[in-house]
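Heads up: the structure comes next, in structure tokens.
The values are calculated or read from the model by the stated rules, or taken from the named source; none is laboratory data. Quantities reported herein were computed from a predicted structural model and do not represent experimental measurements. Virtual Cβ from ideal backbone geometry, glycine too; neighbours counted across all protein chains shown. Remember, those area values only see protein heavy atoms, side chains included, never the ligands or the DNA or RNA. Shrake-Rupley method; radii C 1.70, N 1.55, O 1.52, S 1.80 Å.
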Amino acid sequence: MSIWWKFYLKRIFLLVASLAVIGLITLLVMGGFSKIADYAYHLVAWILQRLTDPNWNWDWKHWTVFGLSLGILLFVYLLAFLLGQSKTIITMPKEGEIELAVRGESFLKIIPNIKGYGTKEDEIEADIGGKIIKIKTPQICPTEEGGKPPRKFLGLALVGLFIPFDKILRYDFSWDKAISKATADEEKKKGASVEETSFGDLWLSHRTEKVSSLYFRYTYPIIVRNIELAGRYPIDIYFNVTVEAVYPIIPVFYLKGRWFTVLSSKFGGVISDLLRGKELKTFEEMEKEDFFNGKVKEENNIFLKATGMKIFHAAYRDYQPSGTLEEKTAASAEKVAKLRADARKQEAEGEGAALEREGVAKAKNLERLLEQASKHPLGGQILIEQFRKEGLEGFSGNFLSLGQAQPAAPMIGVDAGGTGGKNKKTGKKKQEPEEPKEEEEE
């Protein structure tokens, strides 16, 4: 064997041995066996010293140590893989998920894998099924607010060394998922029940599945049904709600994985309270995205106490009239009629306001004219003639009555009999009009 081959082979052996010992040290440190870990550190230091010694000779003892180190390394890797898969002793939580470790049936600790977040101890008055309970529980919070991330090495975190009692909890989780009609059959094969909605191609998949983690943040569809607006007009509203875990032991241990149903119910109550008494037109004109997101997050204390979760974002999507197809058709017709009636009402109110303003202006003008007319001897008669002139402007009829109290005396006498056709005042005979003469034809 050449000198260069021996040189590199010895260093490969030392590197493998170092990795094996470092893996062992990691397990010991996470398990709290500090004294044993110290001896292992000294062993690593000795190996590193040999790596820098060019005069180190290779013999059968070194080959034995090399074989043992390689075996230990492979064993540690295989053990870590198997234990990580079975969530026993060590675990490998996925990014953005939270695992809960138990010892037997009792809670042991929380193992989150969330960048920039950790856990700290807190106390909350939880509302579990209408009963107020004080709970001391780990809280998921940013590291700058005191959250301590779990000890991990290469993505591995220690669950516990008391086999088989220390393990990651597996529990039944019930939730809703937004799907389309095309994927409904696939969801049914997974054991889900599917529901068609009135929101276009939106279908809901109701699933229950055994899981071993809790999402830190995840978006779920929520349809709040039969929200009664003013005038007893019921509607359904579709939201995409992003939920964030804050106190993980409440949804997992106290609610047994059925926290989504509780949160949906609380969410629906908050939305109904926000819209109670509002007119349909007011609802349609409001900035729904900002309104709902802001108002719902103001009520996060309700969700935290009831589920240990909070609303990170509530995204409004759409609304539809509630009820069956016939009821929705009638409601839609009523909605259109109501909108038209509101438009006519507003138009009439506008016209009434304009007429009122015009009447007030005329009254003030008349008051001014009467005041001016009272200062002149013939002011009243002049004012009457002025109004008469304004009334005659634009007249195009065939008959006009000026409304005199007594008929005016005729200017030309009328034969009333016994006068011989004479004028009563002059006594002269009334001159008969001459018949027009026809011109003779030449």
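Worth pointing out:
- Averaged per residue, region 219-263 has 34 square angstrom of accessible surface, using a 1.4 angstrom probe with ligands and nucleic acids left out.
- When Glu284, Glu279, Glu121, Glu187 are compared by accessible area at a 1.4 angstrom probe, the order from most to least is Glu121, Glu279, Glu284, Glu187.
- Along its first, second and third principal axes, ordered by size, region 82-199 spans 47, 41, 31 Å in Cα coordinates.
- Value of Rg/Rh across region 239-331 [Cα atoms, Kirkwood radius]: 1.05
- Area of Asp172 that stays accessible when all protein chains are in place (1.4 Å probe, Å², to 10): 80
- Restricting region 134-227 to chymotrypsin sites (Phe, Trp or Tyr not before Pro) that sit in a DSSP loop and have at most 13 other Cβ atoms within 10 Å of their own Cβ leaves Phe162.
- Per residue value of the accessible surface for region 103-144 (all protein chains in place, 1.4 Å probe), Å²: 60
- Dimensions in Å of region 170-294 - Rg and Dmax from alpha carbons: 16.3, 49
- Accessible surface, 1.4 Å probe, highest first, among residues Thr242, Thr137, Thr208, Thr183: Thr208, Thr183, Thr242, Thr137
- By the compact-protein rule of thumb, 2.2 N^0.38 Å, the alpha-carbon radius of gyration of region 171-244 corresponds to a ratio of 1.28.
- For region 164-172, putting each phi into the Karplus relation 6.51 cos²θ - 1.76 cosθ + 1.60 with θ = phi - 60° gives couplings of x, 7, 8, 7, 7, 5, 10, 8, 8 Hz, in residue order, rounded to whole numbers and with x for Gly and Pro.
- Which listed pairs, of Lys131/Lys288; Lys190/Lys288; Lys177/Lys310; Lys188/Lys256, have C-alpha distances above 27 Å, in listed order: Lys131/Lys288; Lys190/Lys288
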